[in-house]
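Nothing in this text is a laboratory measurement; each read-out follows from the coordinates by a stated rule. Keep in mind that this is a model prediction, so the values were computed, not measured. All Cβ positions, glycine included, derive from the backbone under ideal geometry; neighbour counts span all protein chains shown.
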Amino acid sequence: MQLQQMYQEIILDHYKNPHGRGLRDPFDAESHQINPTCGDEVTLRVSLDGDTVRDVSYDGQGCSISQASTSVLTDLVVGKPVGEAFKKMDAFVELMQGRGQVEPDEDVLEDGIAFAGVAKYPARVKCALLGWMAFKDAVARSEGAKA
Amino acid sequence: MTTTATPLDVVGVRADFAILGRTVREDKRLVYLDSGATSQRPRQVLDAERAFVETANAAVHRGAHQLAEEATDAYEGARQKIADFVGVDSGGISGPAAGSEIVFTKNATEGVNLVAYAMGNAATAGPEAERFRLGPGDEIVVTEMEHHANLVPWQQLAERTGATLRWFGVTDEGRLDLSNLDELVNARTKVVAFAHQSNVLGTVNPVRELADAARRVGALTVLDACQSVPHGPVDFKALGVDFAVFSGHKMLGPSGIGVLYGRRELLEALPPFLTGGSMIEMVRMAKSTFAPPPARFEAGVPMTSQAVALGAAVDYLTAVGMDRIAAHEHTLTEGALRGLGEIPGVRIVGPLDVVDRGGAVSFDVEGIHAHDVGQVLDSLGVAVRVGHHCAWPLHQRMNVAATVRASFYLYNTLDEVDALVDAVREAQRFFGVR
């Protein structure tokens, strides 16, 4: 059934038991992103230690896809160098925009591969990318603040 | 007007809508419950548009040839049908359309913007436009249940002119809170803009009462009739509003065509919004004068085949009978309120009874985001809208981030209402909240 393809167990697990949720101090920059079509929102903070993502904390309200995707994000990027985190982000964005035609690399995206089914539903791609857009923006802000 | 003595022949109606026969998401029967966003079009409307394009297509109100003449007649004939449909003056005294109170726009959004921008333009227009002028100290009144299309243009007009935007609140039940009517609509009020029927709550507002209050203080009324004109008999003269807007695509017509109604004396004094060809009286290099309405508000070659098709949609609706359509939707709405209301964890956002209530039923399912509910419904063939439905402040007022909205029309059936209710229960099973 198509529904199960989209709502993989991994996604539902992350939705029900999100990783890294809650806003924490200290942080270097914060980003607030809104999906104007449905009103979903996420506030996400990054804390960097030199070039490494020390922590990502977030709060928000939204659908299972946006919440689970942000939870997966924290698993993928915390403890990684910013460059590697961005590579994972690029891979995730490519997967989500691939209309279901992109074969995800589990070594890179880990639980993120569960979102392959979501990519077949263009209306939900924005949901899956909401937290990632906040992450990208927050890192840019923290780097801007340092420069 | 037809009577409700015989119920609507929904099987016969459905046969006119080819799209309702298709399947979606792997052979699921389509249950289309999103007519509040856009309605489907019957064969008769498509045939009329095609016949026009195949036999009479030309730019209207210009051209010295037979096609131009026939196209103009078809376009103006549609205007006349629409005027009759909503009980306003179709003009025609001194030539085609002259004096008509119906202006064709792209959609209802453009209609509201036309009025708001024209009022802004009144600042530099002649003395006849005095009554449209706004400035600091003046007030524009809207409601908390407005669609963004009847809110944002007024916010913008207030910003441009220095006027103050104020609004009626909404009760917990989803009705307009008129307890401070006399305070809100006062000597400073220049505009009162509000929806006839909420696109989220289904609430039908007391138009006459608001229009009377506005008239007492000399304020203009602007009615968003997008969710009322398609669904029941509407007579703008009887309602006593000054301006009203609605969209063709929500009433079996095409997208790209909408209607602005304006009382004739107001349209005659209102400065233009968009300017250019067709809307002029005389043009010189330094300055121009403008045509009388409705031409003054229809710059450029208009959407002709779309207007013709909207005329055909009005014919179709009239033949079925607006009273009959309203009664049919009333039955569907009752069924939906009952069926959804019986599901534990479902909260209907809007009036729970069908008094002064139309066929938009929005709800929240505890523990499941609206987007996720919509996805399960879609997998079962049930097409609904999810989100804030372009009424974000209303959702904030009702303490809900997003809702699922089912909206009914003449082609929907009680079986489809049942399919909706079953699908919502399935969503609860799927997400394990029940």
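Remarks
- Taking chain B as a Gaussian network of alpha-carbon nodes connected by springs under 10 Å, the highest mean-square fluctuation of the residues B:Ala125, B:Ala225, B:Ala18 belongs to B:Ala18.
- Relative to the dominant Cα principal axis of chain A, helix A:82-96 is inclined by about 20°.
- Angle in degrees between helix B:43-55 and the longest Cα principal axis of chain B, rounded to the nearest 10: 30 degrees
- Viscosity 1.306 mPa s, temperature 10 °C, Stokes-Einstein D of the protein assembly as shown from Kirkwood C-alpha radius, µm²/s: 61 µm²/s
- Helix axis angle, B:414-430 relative to chain B longest principal axis, alpha carbon, degrees: 60 degrees
- Note: relative contact order over chain A, using C-alpha pairs below 8 Å and six or more positions apart, is 28 percent.
- Separation of the alpha carbons by more than 19 angstrom is noted, of A:Lys80/A:Lys126; A:Lys16/A:Lys88; A:Lys88/A:Lys126; A:Lys126/B:Lys28; B:Lys28/B:Lys250; A:Lys88/A:Lys136, for A:Lys80/A:Lys126; A:Lys16/A:Lys88; A:Lys126/B:Lys28; B:Lys28/B:Lys250.
- Whole-angstrom gap from the stretch B:287-316 to the stretch B:1-48, using each part's C-alpha centre: 27 Å
- As a rough footprinting exposure proxy, the listed residues B:Ile368, B:Ile280 were ranked by other beta carbons within 10 Å of their own, and the order from fewest upward is B:Ile280, B:Ile368.
- Candidates B:Arg347, B:Arg357, B:Arg385, ranked by Gaussian network fluctuation over chain B, Cα under 10 Å, top entry: B:Arg347
- Taken over the stretch B:1-47, the alpha-carbon convex hull comes to 119 cubic angstrom per residue.
- Under 12 Å from the Cα of B:Lys237 - aspartates and glutamates, other chains or at least 8 residues apart: B:Asp84, B:Asp89, B:Glu101
- Take each peptide in B:241-250, B:44-53, A:22-31, count the other Cβ atoms within 10 Å of every residue, and average; sorted highest first, the result is B:241-250, B:44-53, A:22-31.
- Look at B:Cys390, B:Cys226 and count the other Cβ atoms within 10 Å of each Cβ; fewest to most, that gives B:Cys390, B:Cys226.
- Note on B:366-376: average number of Cβ atoms from other chains within 10 Å of each residue's Cβ is 5.
- Ellipsoid equivalent to the stretch B:306-432 - semi-axes via the Cα gyration tensor, in Å: 27, 16, 15
- Cross-link partners of B:Lys190 among aspartates and glutamates (Cα-Cα below 15 Å; sequence separation of 8 or more within a chain): B:Glu130, B:Asp138, B:Glu139, B:Glu159, B:Asp182, B:Asp212, B:Asp242
- Solution diffusion estimate, µm²/s, Stokes-Einstein, chain A, Kirkwood Rh from C-alpha pairs, 4 °C, viscosity 1.567 mPa s: 86 µm²/s
- Fluctuation leader among B:Asn205, B:Asn180, B:Asn107 - chain B, Gaussian network, Cα springs under 10 angstrom: B:Asn180
- For the stretch B:390-405 versus the stretch A:92-147, the gap between their alpha-carbon centres in whole angstrom: 27 Å
- Rh (Kirkwood; distinct C-alpha pairs) - chain B, Å: 22.5 Å
- Percent of beta bridges antiparallel (DSSP, the stretch B:185-338, rounded to nearest 5): 55 percent
- Legend: P(r) of the stretch B:251-355 from all alpha carbon pair distances, 10 Å bins from 0, whole percents, reading 12, 24, 23, 20, 14, 6, 2.
- FRET efficiency estimate (nearest 0.05) - Cβ-Cβ, B:His148 to B:Val53, R0 41 angstrom: 0.80
- What the pair-distance distribution of the stretch B:33-162 shows, using all Cα-Cα distances binned every 5 Å from zero, is 2, 8, 12, 14, 16, 15, 13, 10, 7, 2, 0 percent.
- Order of B:Met285, A:Met96, A:Met133 - criterion: other Cβ atoms within 10 Å of each residue's Cβ, fewest first: B:Met285, A:Met133, A:Met96
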